[in-house]
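Undergrad: Can you keep this structure in mind? I'll have questions shortly.
The values are calculated or read from the model by the stated rules, or taken from the named source; none is laboratory data. None of the values given here were measured: they were computed from a predicted structure. Here Cβ is always computed from backbone atoms with ideal geometry, including for glycine, and neighbour counts include all displayed protein chains. For accessibility, only protein heavy atoms count, side chains too; no ligands or nucleic acids. Shrake-Rupley method; radii C 1.70, N 1.55, O 1.52, S 1.80 Å.
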Amino acid sequence: MTRLDGRVERGNRTRQLVLRRTVEIASVEGLEALTVGRLATELELSKSGVFALFGSKQELQLATVREAARIFTERVIRPAGEVPAGIGRVWQLCELWLEYSRGRVFPGGCFFYGVMAEFDARTGPLHDAAVRAQRDWSAHVERTIKEARTAGELRADTDVAQLAFELVALLETANALSVLHAEETAYRRARAGIARRLRDTAAGEVPVPEAP
């Protein structure tokens with residue numbers, strides 16, 4: 001039993017080692033750049049060992065998407081949820097997302113922006129995974145905005161879906177321009193745009209954070 005537990009633990013460590021590398025590669029070169037042979041060579045592992053962990057290239061790709069989602073949750077979703085519901089939480093969610101992109105948690109910027117661009121016009125499990133990731137994120141932003149409205153910090157007539165669409169558009173545009181031009185001006189502009197939209201929809205005298 002001890003020997004079996006040791007093998008499972010080693011397998012889990014190797015799996016995490018592989019996934020740390022796959023999210024880096026995929027964020028820059030795309031999920032199609034992932035191959036068992038490449039990973040085995042770069043990480044000095046056997047090809048059969050890597051294959052045994054995932055079973056197929058597609059499962060390796062899907063596991064990479066899941067790992068990226070786990071990292072994103074740890075860096076953005078979870079800490080934003082520690083802020084009380086309201087405009088402050090909406091702002092913090094956007095701030096954390098911008099820092100996630102600016103800090104290059106993934107070398108290629110937002111992992112999911114790249115996956116959506118790679119698979120938006122395709123069909124199959126990877127396209128479906130990209131769709132789920134996008135819908136989950138949009139739903140989370142909408143839920144956060146709705147909570148702020150329920151808390152009385154956004155006007156009662158706030159169009160939640162529209163505001164969420166606009167905030168996400170500002171975030172993704174900042175990410176795309178920063179990666180393309182290797183500069184950070186777009187993040188400042190995104191923060192200014194987000195602050196303006198929140199001021200426009202704030203209820204009464206509710207304070208809105210100032211963009212730096």
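Undergrad: For region 172-212, which positions are within 19 Å of the chain's Cα centre (by Cα) and assigned to a loop (DSSP other than H, G, I, E, B)?
TA: If the condition is that a residue be within 19 Å of the chain's Cα centre (by Cα) and assigned to a loop (DSSP other than H, G, I, E, B), then Glu184 is the only one that fits.
Undergrad: With touching a helix residue (DSSP H, G or I) at 6+ places or on another chain (Cβ under 9 Å), under 18 Å from Trp137 (Cα atoms) and open to solvent by 40 Å² or more (accessible area, probe 1.4 Å) as the only criterion, which of Arg89, Arg78, Arg102, Arg21 stands out?
TA: Arg89
Undergrad: Of these, Ala148, Ala164, Ala156, Ala186, which one is in contact with a Leu (Cβ under 6 Å, 6 or more places away or on another chain), more than 30 Å from Glu59 (Cβ to Cβ), touching a residue at least 24 places away in the same chain (Cβ under 8 Å) and not β-branched (Val, Ile, Thr)?
TA: One residue alone meets the criteria, Ala148.
Undergrad: Right, another one. Would you confirm whether or not region 73-84 contains a residue that is on the phi > 0 side of the Ramachandran plot and of a type in the set (D, E, K, R)?
TA: no
Undergrad: Ala176 - would you say it is surrounded by fewer than 18 Cβ atoms within 10 Å (Cβ to Cβ) and at pLDDT 95 or above?
TA: Yes.
Undergrad: Need the failing condition index for Thr123 against (1) open to solvent by 70 Å² or more (accessible area, probe 1.4 Å); (2) modelled with pLDDT under 95, just the number.
TA: The single condition Thr123 does not satisfy is (2).
Undergrad: Any residue at all in region 151-158 that is among the hydroxyl-bearing types (Ser, Thr, Tyr) and surrounded by 19 or more Cβ atoms within 10 Å (Cβ to Cβ)?
TA: no
Undergrad: Can you tell me which condition Cys110 does not meet? The list is (1) on the phi < 0 side of the Ramachandran plot; (2) over 13 Å from the mean Cα position of the chain (by Cα), and all the others hold.
TA: Against the list (1) on the phi < 0 side of the Ramachandran plot; (2) over 13 Å from the mean Cα position of the chain (by Cα), Cys110 comes up short only on (2).
Undergrad: Does Glu95 qualify as being modelled with pLDDT under 95 and among the acidic types (Asp, Glu)?
TA: It is false that Glu95 is modelled with pLDDT under 95 and among the acidic types (Asp, Glu).
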